[in-house]
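Everything below concerns the one structure shown next.
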Amino acid sequence: MTEVFYPDRGDRPPATLTEPTSLALLNAMQQRAIALSSPVVPGAIEVSTNYVQQGQGDPPILLLHGFDSSVLEFRRLLPLLATQHETWAIDLLGFGFTERSPRLAITPDTIDAHLYSVWNTVIQRPVVLVGASMGGAAAIAFTLAHPDAVQQLILIGSAGYGVGPNLSRLFIQPLGLLATRFLSNPRVRQSISERAYFDPRLASPDAAACTNLHLANPGWAQALISFTQSGGYRSYKHQLHRIQVPTTIVWGRGDRILGTGDALHFHRAIPQSKLVWIENCGHVPHLEQPEKTQWGIQG
């Protein structure tokens with residue numbers, strides 16, 4: 001078992017990873033120094049980047065996690081995809097177990113620069129790009145900026161159509177550290193996790209441990225503050241018509257985080273798109289219905 005210590009846990013006992021898929025993906029994690037080269041990055045910076053790579057077969061699949069999450073989000077989906085495809089999952093800049101450099105502001109532009117550097121360093125051929133929730137917005141931004149790097153786009157309960165609440169004021173010091181302390185509270189995180197599932201019983205102790213393991217990484221709070229102060233991902237609804245690759249929109253019929261309206265909006269706005277509804281499923285189909293999500297990606 002792997003113990004998980006919360007940054008504000010006080011006398012609370014640590015959580016543990018117990019499920020085989022969680023432990024297997026944790027043990028499969030690798031780190032690689034990725035050199036960033038972009039006009040939005042000051043000077044030459046290398047970022048120790050956390051990723052998982054499994055399987056063989058073209059086209060390669062690249063998985064992008066949601067807000068304040070990590071590659072562990074794909075613990076149930078990645079092994080299924082890897083039976084037929086070379087499958088990658090990476091921790092985006094500022095998130096998960098990827099290094100948080102104090103020299104880098106965490107913004108959508110620097111996240112994209114880091115993602116492109118990862119793709120250009122270790123994959124180097126067009127991918128099936130899969131983004132879940134905030135990772136969907138990151139996938140849309142990447143597809144628009146680097147169309148030659150993407151063969152197909154998959155959006156799972158994706159952000160990036162509507163504009164969410166502007167929380168940047170809450171993350172101005174000293175409120176920023178108070179806000180991150182609130183977000184690191186196990187009860188708060190458990191409540192969010194339960195809401196993400198159609199069946200809240202799936203928000204198990206193992207799921208909580210997967211959600212919280214990265215919080216103890218150096219710079220977690222500062223990176224979250226930096227990203228939130230940047231305004232985060234905006235709406236791409238007026239640019240979606242520029243996406244020219246086949247796109248599949250996978251959405252839980254019972255999504256209580258983003259609702260279901262944006263699924264239809266994405267489908268209407270993206271030219272070569274199809275919409276796959278998953279019944280009895282919430283905001284995280286890749287965790288709640290991984291086999292059906294696999295079919296939505298590969299079917």
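Things worth noting here:
- Of the candidates PHE5, PHE67, the single residue that is of a type outside the set (Gly, Ala, Ser), at pLDDT 95 or above and out of contact with any His (no Cβ under 7 Å at 6 or more places or on another chain) is PHE67.
- Selection within segment 70-128 - more than 19 Å from ILE156 (Cβ to Cβ) and in contact with a His (Cβ under 7 Å, 6 or more places away or on another chain): LEU93, PHE97, TYR116
- The sole residue among ASP109, ASP91 that is in contact (Cβ under 8 Å) with a residue 40 or more places away in the chain, within 16 Å of CYS210 (Cα to Cα) and not β-branched (Val, Ile, Thr) is ASP91.
- Hits in segment 268-295 (condition: touching a residue at least 40 places away in the same chain (Cβ under 8 Å) and not in a loop (DSSP other than H, G, I, E, B)): ALA269, PRO285, HIS286, LEU287, GLU288, PRO290, GLU291, THR293, GLN294
Here's the yes/no breakdown for (1) surrounded by 19 or more Cβ atoms within 10 Å (Cβ to Cβ); (2) among the charged types (D, E, K, R); (3) in contact with a strand residue (DSSP E or B) (Cβ under 7 Å, 6 or more places away or on another chain); (4) modelled with pLDDT of 95 or more:
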position	(1), (2), (3), (4)
ARG9	no, yes, no, no
ARG12	no, yes, no, no
ALA15	yes, no, yes, no
SER37	no, no, no, no
VAL40	no, no, no, no
GLU46	no, yes, yes, no
PRO59	no, no, yes, yes
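- Any hit, segment 234-256, residues being assigned to a loop (DSSP other than H, G, I, E, B), in contact (Cβ under 8 Å) with a residue 60 or more places away in the chain, over 14 Å from LEU153 (Cα atoms) and in contact with a Ser or Thr (Cβ under 9 Å, 6 or more places away or on another chain): no
- Residue check for GLY162: part of a loop (DSSP other than H, G, I, E, B) and closer than 15 Å to ILE249 by Cβ: yes
- Within segment 17-24, none of the residues are assigned to a helix (DSSP H, G or I) and within 12 Å of the chain's Cα centre (by Cα).
- Enumeration of residues in segment 257-267 that are outside any helix (DSSP H, G or I), touching a Phe, Trp or Tyr at 6+ places or on another chain (Cβ under 9 Å) and either without any contact (Cβ under 8 Å) to a residue 12 or more places away in the chain or not aliphatic (A, V, I, L, M) (or both): THR260
- Output for segment 68-100, where each listed residue is of a type in the set (S, T, N, Q) and surrounded by fewer than 20 Cβ atoms within 10 Å (Cβ to Cβ): THR83, GLN84
The values are calculated or read from the model by the stated rules, or taken from the named source; none is laboratory data. Quick caveat, the model's predicted, so the values are computed rather than measured. Backbone-built Cβ (ideal geometry, glycine too); neighbour counts: all protein chains shown.
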